[in-house]
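Peer 1: Let me give you the structure first, and then I'll get to my questions.
The values are calculated or read from the model by the stated rules, or taken from the named source; none is laboratory data. The structure presented is a predicted model; accordingly, all values stated were derived computationally and were not measured. Please note: Cβ atoms are built from the backbone with ideal geometry, for glycine as well, and neighbour counts cover all protein chains shown. Calculation scope for accessible area: heavy atoms of the full protein, side chains included, ligands and nucleic acids excluded. Shrake-Rupley method; radii C 1.70, N 1.55, O 1.52, S 1.80 Å.
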Amino acid sequence: MTLALSCQPIGYEIGLRAADALAADGVSLGTATMYDRTGPLGMCVVTSLSNANKLIDYTAPRR
């Protein structure tokens, strides 16, 4: 997750509005706008990797 804020939020409540999502070959991305009661104040980007078929062998020794 990457979070970028243009200013500090006012108050203790923060909202998220999903903006976009992409997925291909087990990699997915999502973006959201963050806002407080005065309006938008930042963006959040989330990246994930699916390994359902264990295409990456994490147990293999490194060389």
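Peer 1: Using per-residue counts of other Cβ atoms within 10 Å, averaged over each peptide, order 38-45, 12-19 from highest down.
Peer 2: Answer by packing, highest mean first, reads 38-45, 12-19.
Peer 1: How much length is gained on full extension from TYR12 to TYR35, taking 0.36 nm per residue of separation minus their Cα-Cα distance?
Peer 2: Extra length from TYR12 to TYR35 when fully extended: 7.2 nm.
Peer 1: Note the full-extension length gain between ALA23 and THR47 as 0.36 nm times their separation in residues minus their Cα-Cα distance, in nm to one decimal.
Peer 2: Once the chain is fully extended between ALA23 and THR47, it gains 7.7 nm.
Peer 1: Next question. Calculate, for the range 1-45, the solvent-accessible area per residue in square angstrom, rolling a 1.4 angstrom probe over the heavy atoms of the protein chains.
Peer 2: 78 Å²
Peer 1: Could you tally the net charge around ASP36, taking each other residue with its Cβ under 14 Å from the Cβ of ASP36, Lys/Arg +1 and Asp/Glu -1?
Peer 2: +1
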